[in-house]
Every structure is written in structure tokens, then in C-alpha cells.
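Take a look at the structure set out below.
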Amino acid sequence: MLGRFDYERPTNLAEAVRLFAETPSAAILAGGTDLLVELRSGRHAPRLLVDVKRVDGLRRLDVGPRGDLTIGAAVSLNELLEHAATRWSFPGLAQAAASIATYQLRNRATVTGNLCNASPAADLAPALLVLGAAVGVAGPRGARVIPVAEFFAGVKRTTLRRGEIATEVRIPAPEPELRSAFLKQQRLRGHDLAVANVAGALAPSTGTLRLAFGSCAPTPILLAPIETKGMSAVAVGAAAAAATLAAASPISDVRASAEYRRAVLPVLVRRVVAELLGGGAT
Amino acid sequence: MNGRLETATVPAGMTLLEFLRGRLCLVGTKEGCGIGECGACTVLLDGKPVTACLVLAVEADGGAVDTIEGEARDGELSALQKAFIEAGAIQCGFCTPGMIMSARGLLRRIPNPTDDEIVEAMAGNLCRCTGYEAILEAVRVAAQAKAVPHAGQMVAGQSAGGSGSQGGRLSSPRVPGEGGGRG
Amino acid sequence: MAELRVVGQPVPREDAVDKVTGAARYTTDLALPGTLRAAILTSPHASARIVRIDTSAALAVPGVRAVLTGADLDIRLGLYLRDKRILARDVVRYQGEAVAAVAADTLDAAREACHLLRVEYQELPAVFDPRDARKPEAPLVHPDLATYDHMRGVFFPKAGTNIAHHQKVRKGDSAAALAASDVCLEVSFDNPPVQHVPMETHAAIAHALPGGRVEVWTSSQSPYTVRHLLALAFGMPHAAIRVHVPHVGGGFGGKAGLGLEPLAYVLSRACGGRPVEIAMTREEEFNTTPSRQGLYSTIRLGATRDGRLTALEAEYVWDAGAYADYGVNVGRAAAYSGAGPYALDHCSIDSYVVYTNKVYGTAYRGFGHLEVLWGVERAMDRMARALGLDPVEFRRRNLLREGATTITGEPFTNGHGKPIECLEAAAEAIGWGRRPSAPSAPHKVRGKGVAMLHKAPAMPTYTSCAAIVKLDEDGAADVLVSGVDYGQGTYTVLRQVAAEELGLPIDKVHITWECDTAMTPYDWQTVASRFAYMGGNAVIEACADCLCQLRAVAAGALGVPADGLVCRDGKVFPRQDPARGIAYKDLALGYTFPNGNSIGGPVIGHGRYIATGLTNLDPETGQGRPAQFWTYGAHAVEIEVDTETGEIEVLRIATALDAGKVLNPLLCRGQVVGGIVQGLGSAVLEGFRFDDKGRLLNPNFVDYKIPTAKDLPREIVPILLENPQPGGPYGARGVAEHPMISVPSAIGNALRDALGIEFESLPLSSERVLEKILVARAPRPDTP
């Protein structure tokens, strides 16, 4: 048994928000792949789990008329991966999702949950940061939208307010021919949390490159946009690597030392840049 | 539950794994780690492989659960089970039920998977005995047995055992053309 | 030898049907009526005095039947050295040591009660590095070591120190030989402790019975050892203890000794004889149950300029952790094997097994040889390079060959197998001598490496086992043994042996899966790659006994002399007149004449095997005969290294073993491939990490990684040679542990080839590899 708690499975959002907001020490259950591990360990002992998987609308996975994408809070990583539009339009996001955990866990783990867990190593975070994504939120005082860039407050902490539920992730329409990529360093090829991860998105028309990285600071970090027009891929890679290292503040943990993270982070950045820019100048 | 309706009242904190083993006495599903990392407790929930240790029993309410106990039909082993036996994919056997359920989920989704798809589907199941090679081969053989009618004869007999004398890596020929079919 | 019908065939496992259907029952699947569940509380400290334990709140939890602490249990346990308690008593010696246990109606109640136990500790000085633990000022892990009972004449604990055992090997005059060598080198190496990671964690059920008896079901490799050690610990007659072993979900040595059985028994007693089940969580499996010992080694080699080894000196310092368990015997075995499979006239080895305040060590596949050969085989490569010789050629010149003696004085014969053939076959399979193929990217480099391996079963000189073969009414045969098939496949091999010997098809020979000390005959332990060898010989003898009985009855029935009768195809018939045969089914329970008269009786054969010719080793020199047989082998690998991230990919690994005779190629290949991948884990991934307080930092599958299906070498090439072993069944030797040994050494040697950098520490993680690359590339301080 994972503890003594009540379980509710609301079917509409208002009910979910009410249950979650009214109950002190309630937790949202979506995929459960992080929450249930916390419950088993005793580190977290909520009195109520609000299962949002059957809430109306939270299973949506919609492409808007201009190509924007909305991913409901009950959408699993595998559902995202099996969604053709995601793989065509946002390959970096697909690479990030595919790098997470195992096939079985991706049938449970949700896109939104990966963000809400607020791990510094969350693989979707950099991928969504470079796409300018935002989190749709419902709460007792209404709905709002939090850019992913403002979503993380620290290790395992988000800017969600008390009683608020993340209901979806919104990815704006991609710029024309947007390229994106994701790379992750881990201890083995099998499932592992990231030692470091890097995502990039390049809009060829403007030459603007966005880079984000994770597992090397208390939160995932989005770098300031880098203008690549007229620069070689090597030069962009070097500049991006320097900017990344300047923003990184890695720690040593059981997966890797801070020194190793500092050593591989620029490697990943250069490789992502090379993948996006190819060999030559843009 | 394996095609039968089961009715039960469970505490909210009970995992699907505890329910299967403790309530239904379906002890073929094993616990290896309790945190979803080893895959020993893999079952199909609504046709998809999940780790039963990280699913609450109540979450399966109204759903369909398939376990290893439902894999053989009317006492007849499935092609997948036969392939595991013939390929030497089993040693201690503790990971085997979860492995077979992962493979079952894969073959339901992609009847003729590529090698990469097989590895991706099976890599969430840890095995400390076999080194995986024979397990991956068994899934390959089972997929082919299903894809090619009458190939079941090949795995049912004892003579498929040439695997013991193969010198090198497993290199089943791939049928070209699939792989684009997913999603 | 007559042509074999069944032995040598790729017969699938008989138990596989139960395993693919979920019908195979492991210990925690058994569920006896009324079974209580138990949980343990473990120590958060590596070294502390237990001041008091308040059990009152725990006892008040509804459903709790018993709470036990070390204070309740004045019993010492141990395989070779009785240094351990069932639950820590007075002091804890490692983080993770069980301090108290609760049995309750449900596991949840037992766990809740454990959370409510209040333990007051007083922290004591601790020592974590075995090299520090040897210093005079080190805190003593066992201040009472002098008073502990131990196996005398074999193990030598040093009172007043942390040394649980010191094994010496002395041959020739190594100091003088080193001094006279053209080339000498000294290198130090280290290996971290690692975990076995069987997919089934340790579990046991005990049912205390009236009259001081107990029945035990356990996930053990060694039912009779469990029974024997329980008898010694509790002063019970052996017949009062009945040990069952159902299916076991992997062991790799970690389940070879005594585990949770004593605790389950005392809990069952405390609960008035209710059966009690206890199973480790995965975290407890890491924190509480024993691991593979860490090792620090220093090796000195001497050689002549023309490439002959002159001497080897080694000091092996084992990190035993808090208790001796099998660790002392690992230290012993790895000493008498501690120079690798080389012909050496001068050798001196000191192997120290040293207590520290960490989780304790035990047997693990390879029994110290992977650790020792990590150093020896890296050192051999360095010597080859120092001499300007190809590493394969250098080894070829120095490997054991007929006429040489081992470092304990055993003459090497052709019957030992052919280590040189193994080396050449493995090297050939990866194209040794040709430069590695072009790397797949500019930032990657490739390299090749080889390493030798050898190992003999480490077992007492008197190790024995027995087999019973009985015939069924339908003429089929049942084999009963008490070695455990926990995955390695020996039961299938024993069925093949029996089918071959009895003249039956394989589907007419069965083996009783559950071991039961009340029913199945004695076997010492299922360890050391000796079950197919010893059990196979016992089954051959038992079959001969059956055939003798069958012939005697058939002789009476046919009115012919027994020695003219042939047993084949399930029938007994006169050699000249096969048509006059009598089927086994008509003889199995006795033969009945047409008039009703009967002769004979149920056919039950009995066979035995005992280790032959082994001697205890001389305490001062280690000279003697420790090995029933040796198995030799070699790995050759080609790897690719990402010089920017430090990742290693194994492109190809060829493993050649001299198996003597491959009894079942399907299962033998399974052992080889499985062993290689397990060895790969030790090579590039695995190792315990502790903080400065001795707390294990990676006690779960998130933080401790083992290879997955994505982590396989691109190509695995098993090569099995068949130079027969005199005395082995059909000439076979054990090969179960060997594929794992020296995988790290071969990869380390390939890494040196690829990068020009020497690695001394395991694992060869990406981080460790990149760190050395960056150091090697950093500009030297004195260069501009």
C-alpha cells in the first residue's frame, strides 16, 4: 500500500479544481510515475489524490489552424510521440519525450506532469522552453497562462499557486520551417535521468537560435536568443557553449560530478547547434 | 481482467500489483523494484504495457487488464511464449512474465516491428541473467511467426534450436518497408 | 566415445513452460495459510552503539504479532567465521544493518510498526577504506575478533586488527627474481563494491513447528547449507529442519549462504508458530544484503627483455565490509588464482580481507577473479608495452602450458584445457593485428584489447553431492538433486545426462524442480560453476545403478546372464537378440511373469560424487591442490570511445572458453552472453557510492544502473572450445561464472589502445574516461 488517502476521479475541471483547492494536502494524480514513487517512499503523504485523467478536455491533443499545439494534462508521453504533427513540427520535443524513462512509463507519464514535477533534469522542459511554450492553469480564482520560462521556481518547485492545476501545455505556432533538436547525456543508453540535456530551435528565416538546457542548474534554463545570421556553425556553437556555461551552476550528485556536467554541457550545445545549422553558415 | 469481469472494493492506496498478487492470486506478475524501473510487473492496461507497481488498483476500474496468466489460450502456448522457450530467452524466469507482456504490447501495436522498435519496447524490462540477446531474438521470431502463416510449425518443434550454434550476433533478416507505418 | 544422442543438443529448459505462463512459483508466490508478513528497521548509521530501542508504539499497532531486536537474540552466525548476529546486538556495523524486525498480519502493519520503533544510537568511530582499516590506529569493527569461532587451519583472522583473513602464496624467490629482471613495473588498481542485482530479491518463509522443528522456504542457492547453518546456530538436529527451495529468481552468489532464514525462523517462533514471510525491498537488497567486495590491488611484475615473465608480487586488500561471510574465502581463492593463468617460477601474493563499516561482501559470480584480474590483465598489457611486444604475443609466451606448474605447485597438463587456443581464437575473431576500423565520427576513436581469464571452483576439499534417479510406472525417469537451478540451466543438462546414460529420449526424463532437504539428496551448495561437473558425475553413477538393477531383473525375466544385456531406447534386450527386449515400464516397479510371479521391485538408482585429490593449502606458502578443475578463457574486444563525452561503445566482443565439452549449446551460449553483459556492467557502469558517513548513495534502480537491452555490445561472438577435462562428465568443465571475468580488463586494455591512457579504477564510466582524457590533453605546466 502506498499510504492512506482518498481518491477522487472528477470528470469536469471545476470539480477537479474544487476538490484540489478545498482539501489541505491534496495531490494531483495524472500519470503517477513520480507521485506514486514519492508516496511509496513516505516522502509525500497527501490525504487526497485527485485523478485528472478523466476530466473533460484534459485528453485533448489538438493542432490549431496555424499549427499551434495544445497538449492536455492527461496526455501521455507516448500519445504525444504517436502524434504525427508533433513529430513533423517539433522533432526536438519528440526526441526529448522519447528519451524519458521506459516505454511502459511513457504510457503513464504525462507531458504536463514532467513539467509539474519540476525536476531540474526534466527532459521536456528545455524542449518546450525553446518553443516558447506555456502552461495553461486552472485555479479557484480562474484560469491563467504561465510561460514555461516562468514556470519553475526552484528544485521541485513551480510558480503554481495554491489550488491551481496545470491543465495543458500550449506550444505556439512554429515559425516557418522551424528546426528543433534535443540531446541528452546519461550514464547508459538505457533509461536514465539526464546528466545534462540541451534543446535548440532555429528559425531559418530570421536566423534566431533558442537554446535551453537542464540538469545543470536548480531549474531548466532558457538562454537569451542567439542571432546566427552570417555566422558559421562552429562560431555559433562556440558562442552558445560559452553562454551556456556562463548560465550553468551544476552540482555533483550520484549521476555525475559538477565537473563532468561542465565538460559535457558545451559538447551537447555544439552538437545541437551543428545539427540545427548544419556545417556551414546560415 | 484477462477477459473476465472482476468486481472488488479496494483501498485507494493499493497498487494494481498488490491487487493482482494479493487479491486475485495472479502471482505470475512479479515485483522487482516497486518504483517502475525494472519492468518485472509489466501488465497491459487497456492494451498498453504499464508497470503495475505504479498504477493504483482503482485506476484500472472500468479498464481492461491483461497479465501473463492470460497469455496462453486454452492451454496452448502463444507463439510468443514458444519463441521465448526455443530461443533460450529464459534463465531464472523472474523477469519473463514482464518481458512477455512488454512484447505482447509491442506486437499488438506493431505486428512486424523493426529491431529498433523491439529494443525500445523491451528496454524497460531489466534482466540480469540472459544478456537480452535471446529475448530480443524471441520477439523477432514471434513477430515473424505471426506475420508469416504456418511459421508456427517452425518454433513449435525442437529443431529450431540452431540458435545454440550460431557463431555471431543475432541477425534475423528484416522485411523491408515497415517502420513508416507507425503514428 | 560412442556417438551422443542427447548430450550436446540444444535442449530447451523443461521449466520454461512454467516460466512463460507465470505458473513458476518463487518464494513470495507460495502463500501458506495464515502467513504473517515481516519488515525490518535498518540502521541509518555506519557505526553506532544501540543505546535503547523503544518498541511500545510498534507493539501497539493493530495486527502486530511480534517485535524482535538484537537484545532478544544471543546467537552468532557465520559461514567460515561466526561474526554476525541475526539482528544487530549492542552495536551496528554498517548503514543498512537490520536492527529490529516486526511480524504482523499485513506488510503494511509491519512497516508502520517499524516506523514507530524508536532507536537511540550513540555514534562510534567508523572506518570505510580497507587500507585505512589496516592502520594500527583504525577503529576496530570487531573488537572481539579473537573470541569468534572460525574454520581453523583454513582462515586466519588477526586478533586486535580488522583483518578477517590473510592468505599467503609463496613460490620461488620473487624478490630476488624481480631484482634480477630486465624490466619491472608496479601498478595499483581498484574496484568498488557492486551488487548482484538478482531480479528476485532475497525472500524466506519460516514455519516453526512443535517439538523444536522448523520448515523453511527460501530463495536460496544452497538448501543443505541453509539447513546446516541453521542447525549450528540454533543447536538443532538436522532432521528438525526442512528446507525447501522453490524457483529462485537469480542469485549470482548473493544467495549462496545464510540469508533471511534465521530471522524468519525466530519471528515465527515469536509468533507462536505462525508462518512468517520476509522479503527484501529493492532498497534493502542494496543496503542490507551482501554485495561483492571492493578491492585495492598492487601488482609488481618482472620480465626479461625477450618477453618472459620472471616474477609476480601482489598485495590484495579486500573491502570485506562489516562481516566476513564468503569474503574471507574470496580473499583466499583470489590469492591462489591471483597471478592469472601464467607460468611463473617466482610469485608472492598477500591477500588481506579487511573489515570496514560498510555493507558486507559475499560470493559473486567470478568469486574475486574479475576483481583480481582487472589488475593482473591490465598489468600484463603494460608489461607487454614496456617490452615493445604485442599483448597477444606476450601472453602467448607466458601462458601456462604442459610442463609448467601453477603458483600453488599444481602441474599443468593437457587435461587442463588450452588457454593459448582460447587467446588465439578470441583475438582472431576480432581481427587482432589489423588496425581498428575507422571510427564513426571525427570525435570518436577505436581500440582493441584482449584479456585472459581463469577460475576453478573454490570449495572445501571434501565437497560432495548425490543424485537419485527413479523410474516411473511408464518407464520414464525422475532425477532428484539438491543443487539449485536458479537460471543457469544445470537441471536441463542433468536431464540430458540421464537421458543419455539411461537410453531414453529427453522427454522421458524429468527433474524434480523444488529442492527439499527431506526428499532430495545432499548437495553442498550451488556455487562455483561446479554443479554440472559434480552433479553430472553423480547422475551418471545413479543411472549406472538404475541400469544395473534393470539388467538384473531383465536377466531373471529372460533367463539370460545380466552382462549380455543392453539398455537402449527404453528397453533391455540381449545383445544378440534385440527383438526379445523388455520395456523399462515393465521393469520399473519389478517384473511380473505371465503366471503372476514377480521379481525385482521399484528401480531407484543412487549416485555420488566427492571432490577428489584436493588439499588444504599450506598456511605459510599457499602450496597445495585447491582446484578440482580449471576453466580457461579469453576475451577480445573492439571498442569505440567518444572523446568528448567519455562514452564507451563495445563494437564486438569475442569470448573463447575451453568448456571441455559443451553439454547444451543453447544454454551454454546463454551463460556466455549473460555473463558478458553482466561483466559489461562491472566494466562501465556499476559500483557503490558512499558519502563520508558511510551511507550508500545509490541503493535503487534510479541511481544504480545495470545494463538494459539498449546497452548490449553491437556483436557478441561466443567461442567454445572442447579440449576434454579428465573426470568431467563427457569431458565438461564449468563455464557459468567465467564469461563475466576479465570483461573489464579487456575493455580497459582496449581503452588504452584507443586513447593511450591507462585506467586503474572501475567502473570505466563516461565521467571517469572523460576526466582522464581532459587531464591528458591539458597543457603541462612547464610547457608554454
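The values are calculated or read from the model by the stated rules, or taken from the named source; none is laboratory data. Remember, it's a predicted structure, so these values are computed and weren't measured experimentally. All Cβ positions, glycine included, derive from the backbone under ideal geometry; neighbour counts span all protein chains shown.
In table form, for the structure just shown:
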read-out	value
Some residue of segment C:316-333 being modelled with pLDDT under 95, within 23 Å of the chain's Cα centre (by Cα), in the same structural domain as residue C:763 (by TED's automatic domain parsing) and farther than 19 Å from residue C:150 by Cα	no
Any hit, segment B:4-11, residues being basic (Lys, Arg), part of a loop (DSSP other than H, G, I, E, B), out of contact with any helix residue (DSSP H, G or I) (no Cβ under 8 Å at 6 or more places or on another chain) and without any contact (Cβ under 8 Å) to a residue 24 or more places away in the chain	yes
Strands (runs of 3 or more DSSP E) lying entirely in segment C:267-376 (those with 1 or more residues that are of a type in the set (Ser, Thr, Tyr) and crowded, with 24+ Cβ neighbours inside 10 Å)	C:294-303, C:309-321, C:347-355
Selected residue [surrounded by 24 or more Cβ atoms within 10 Å (Cβ to Cβ) and either hydrophobic (A, V, I, L, M, F, W, C) or modelled with pLDDT under 95 (or both)] from C:604, C:610, C:653	C:653
Residue within segment C:527-541 that is in contact (Cβ under 8 Å) with a residue 40 or more places away in the chain, surrounded by 21 or more Cβ atoms within 10 Å (Cβ to Cβ), farther than 30 Å from residue C:243 by Cβ and not polar (S, T, N, Q) present	no
First in segment C:689-715 and more than 7 Å from chain A (Cβ to nearest Cβ) and over 18 Å from residue C:196 (Cα atoms), second anywhere and of a type in the set (D, E, K, R) and surrounded by fewer than 23 Cβ atoms within 10 Å (Cβ to Cβ), Cβ under 7 Å, 6 or more apart	C:713/C:652; C:714/C:652; C:715/B:169; C:715/C:652
Sole residue being among the hydrophobic types (A, V, I, L, M, F, W, C), touching a Cys at 6+ places or on another chain (Cβ under 7 Å) and within 14 Å of chain B (Cβ to nearest Cβ), chosen from C:199, C:280	C:199
Qualifying residue in segment A:30-40 (condition: more than 9 Å from chain B (Cβ to nearest Cβ), touching a residue at least 24 places away in the same chain (Cβ under 8 Å) and farther than 28 Å from residue C:106 by Cβ)	yes
In segment B:86-114, residue farthest from the other protein chains (Cβ to nearest Cβ) [restricted to those that are in contact with a Lys or Arg (Cβ under 7 Å, 6 or more places away or on another chain) and part of a helix (DSSP H, G or I)]	B:107
Residue satisfying condition, being in contact with a helix residue (DSSP H, G or I) (Cβ under 6 Å, 6 or more places away or on another chain), surrounded by 19 or more Cβ atoms within 10 Å (Cβ to Cβ), closer than 30 Å to residue C:215 by Cα and at pLDDT 95 or above, within set C:7, C:64	C:64
Filter result (in contact (Cβ under 8 Å) with a residue 12 or more places away in the chain and either closer than 21 Å to residue C:359 by Cα or of a type in the set (Gly, Ala, Ser) (or both)) within segment C:45-59	C:45, C:46, C:47, C:48, C:49, C:50, C:57, C:58
Top-ranked residue of segment C:585-601 - restricted to ones that are part of a strand (DSSP E or B) and of a type outside the set (Val, Ile, Thr), ranked as farthest from residue C:571 (Cα to Cα)	C:598
Condition met for residue C:631 (within 30 Å of residue B:91 (Cα to Cα), within 14 Å of chain B (Cβ to nearest Cβ) and under 20 Å from the mean Cα position of the chain (by Cα))	no
Single residue of C:187, C:194 found to be under 30 Å from residue B:125 (Cα atoms), β-branched (Val, Ile, Thr), in contact (Cβ under 8 Å) with a residue 40 or more places away in the chain and surrounded by 14 or more Cβ atoms within 10 Å (Cβ to Cβ)	C:194
Test result for residue C:685, surrounded by fewer than 24 Cβ atoms within 10 Å (Cβ to Cβ), farther than 16 Å from residue C:364 by Cα, within 22 Å of the chain's Cα centre (by Cα) and away from chain A (no Cβ under 14 Å)	no
Evaluation of residue A:67 against (1) on the phi > 0 side of the Ramachandran plot; (2) surrounded by 24 or more Cβ atoms within 10 Å (Cβ to Cβ) (one fails), failing number	(2)
Cross-chain or 6+ apart pairs with Cβ under 8 Å, segment B:89-104 first and free of Cβ contacts under 8 Å to residues at least 12 places away in the same chain and of a type outside the set (A, V, I, L, M), then crowded, with 24+ Cβ neighbours inside 10 Å and assigned to a loop (DSSP other than H, G, I, E, B)	B:93/C:24; B:93/C:249; B:93/C:487
Segment A:178-195 - residue that is more than 11 Å from every other protein chain (Cβ to nearest Cβ) and of a type in the set (Gly, Ala, Ser) and, of those, nearest to residue B:119 (Cα to Cα)	A:194
Residues within segment A:45-60 that are more than 11 Å from chain B (Cβ to nearest Cβ), surrounded by fewer than 20 Cβ atoms within 10 Å (Cβ to Cβ) and not small (Gly, Ala, Ser), tallied	3
Helices (runs of 4 or more DSSP H) wholly inside segment A:67-135 containing at least 3 residues that are touching a residue at least 24 places away in the same chain (Cβ under 8 Å)	A:77-81, A:91-98, A:103-106, A:111-116, A:124-129
Residue that is nearest to the other protein chains (Cβ to nearest Cβ), among those in segment B:65-77 that are out of contact with any helix residue (DSSP H, G or I) (no Cβ under 8 Å at 6 or more places or on another chain) and either in contact (Cβ under 8 Å) with a residue 24 or more places away in the chain or acidic (Asp, Glu) (or both)	B:70
One residue from C:718, C:665, C:763, C:739 being crowded, with 21+ Cβ neighbours inside 10 Å and within 14 Å of chain A (Cβ to nearest Cβ)	C:763
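Here is a yes/no grid of residues against (1) in contact with a strand residue (DSSP E or B) (Cβ under 6 Å, 6 or more places away or on another chain); (2) crowded, with 24+ Cβ neighbours inside 10 Å:
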{"site": "C:493", "(1), (2)": "no, yes"}
{"site": "C:500", "(1), (2)": "no, yes"}
{"site": "C:510", "(1), (2)": "yes, no"}
{"site": "C:548", "(1), (2)": "no, no"}
{"site": "C:562", "(1), (2)": "no, no"}
